Amino acid sequence: MDTGAQLGYRLTLHAWCPPYTEKELKDELIHDHRFSFWSTILTGRLVSQNFARGENADASSTLPRVDFQQYRYVPEKQGTSTTSNFYEFIGETELEVTGETVEEQGNAYHLKYHRIHRVVLPRESMTCTLVLRGPRERNFSNVYNTAYPNTDTSNGNVMFSREELAGKFAGILANVNGA
């Protein structure tokens, strides 16, 4: 649910449902956001890895640093059934893993827009969260990856059909009721 206003709030249901495709398993999913948000874990447990950019990392840390390609992600809506997204290649950047957070079912947490993280895909069972996104604090987010191309970075998303969405809601409801 979304007001569509830049300063509005959005309520989003996220579901991570194993098994995954090989492509989903290889996607690195490291990113920050355009907005800060609050999230409640409805089912399962949410494991996230946290990162810092090389220039913001702890100089005395012995944690490994890895080079990634940085992209500025800007979504653009086109029509009602597809969304066109643009990933602008920014350059190489170094990220350091700074830790891991684990949120159990029933927990709630807050994440600031600039925090770099990735959700570790749950392998055994569905994890479902209800997210309240705050007002946009900037018009882009950053994505970090080693596999995306440096050029031709437009990417289209296809929305779920009514039938696909009904099936996903049924799976979520079954998991919530069984929890």
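The values are calculated or read from the model by the stated rules, or taken from the named source; none is laboratory data. All values derive from a computational prediction rather than experimental measurement. Quick reminder, even Gly has a Cβ in these numbers, built from the backbone with ideal geometry, and neighbours come from all protein chains shown. Surface accessibility is based on the protein's heavy atoms, side chains included, excluding ligands, DNA and RNA. Shrake-Rupley method; radii C 1.70, N 1.55, O 1.52, S 1.80 Å.
Computed with a 1.4 Å probe on the full set of protein chains, the accessible area for Asp32 sits at about 10 Å².
Across q = 0.23, 0.25, 0.27 Å⁻¹, region 90-133 modelled as identical point scatterers on its alpha-carbon atoms has Debye log10 I(q)/I(0) values of -1.11, -1.23, -1.33, in the order of the q list.
Taking amide hydrogens as placed 1.01 Å from N in the peptide plane, the amide H of Ile90 sits under 5 Å from those of Gln70, Tyr71, Arg72, each at least 5 positions away in sequence or on another chain. Amide H contacts of Thr43 (H built 1.01 Å from N, in plane; Pro and chain starts excluded): Cys128 sit under 5 Å, all sequence-distant by 5 or more or on other chains.
Each residue of region 7-18 was assigned a 3J(HN,Hα) from its phi angle through the Karplus curve 6.51 cos²θ - 1.76 cosθ + 1.60 (θ = phi - 60°); the sequence is 9, x, 9, 9, 10, 10, 9, 10, 9, 9, 10, x Hz, with glycine and proline shown as x.
Spacing of the modelled spin labels on Val119 and Asp67, each 7 Å from Cα toward Cβ, amounts to 3.1 nm. The radius of gyration of the Cα set in region 10-52, together with its Dmax, comes out at 12.4, 30 angstrom. Ordered from largest to smallest accessible area (heavy atoms of protein chains, 1.4 Å probe), the residues Leu173, Leu111, Leu130 come out as Leu173, Leu130, Leu111.
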